[in-house]
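The values are calculated or read from the model by the stated rules, or taken from the named source; none is laboratory data. All values reported here derive from a predicted model rather than from experimental measurement. Note that we place each Cβ from the backbone using ideal geometry, even for glycine, and neighbour counts take in every protein chain shown.
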Amino acid sequence: MSSHVMTALHRLFAAPAPSPALQQFVDALGSTPYAWHVSADGRLRAAEGDEELCAITGVVRHRTGAFYSVGDWVRAAERIGLSYGEAGLIVEAADRPRSSNAVVAELRARMLAVIRTRPAGPARRPDAMDQALADLLAGRTGAASTAWRSPRESAPAPAAALARSAR
């Protein structure tokens, strides 16, 4: 094929880069402190207390402190300077896991990438009951309980230390 045909095909099927406003929104989404998840129906959601947040209302809540319900995304988007069209693309990307629109699909991929690549919080230590249950179950099967131990505690002893203890 000629390079002109290839260029035309690339323009037709390649996902265009998002507008600067959409990229700024994606960056802002990545800076929110919320634990984002994808619900069973494919929608991107987070919670603050008992309140559900969509992508737009979550960014607005974090940046301005104002709370908007999930259904009030148009007003919430206006609060941070997004146009109706930009807000509509964000909502479609956040709420539709399979869109045939290349811009929406690319935007969703970027949104999912920023919420999944955030640094993880500190590791949770099990409470005493969890530890006791793990130890009890490990004792029944004859296996040593390493599930709750730190890597240092569960690492095998070095060969030199084993040789010294055998003497």
**Request:** Would you be able to say whether some residue in the stretch 75-87 is assigned by TED's automatic domain parsing to the domain that holds residue 45, surrounded by 13 or more Cβ atoms within 10 Å (Cβ to Cβ) and part of a loop (DSSP other than H, G, I, E, B)?
**Result:** yes
When the stretch 1-51 is checked residue by residue, the ones that are outside any helix (DSSP H, G or I), modelled with pLDDT under 90 and touching a helix residue (DSSP H, G or I) at 6+ places or on another chain (Cβ under 9 Å) are 1, 14, 15, 16, 17, 18, 19
Residues of the stretch 47-57 being on the phi < 0 side of the Ramachandran plot and out of contact with any Asp or Glu (no Cβ under 8 Å at 6 or more places or on another chain), in sequence order, are 47, 48, 50, 51, 52, 53, 55, 56
Per the list (1) in a helix (DSSP H, G or I); (2) surrounded by 13 or more Cβ atoms within 10 Å (Cβ to Cβ); (3) modelled with pLDDT under 95, residue check on residue 97 breaks on (1)
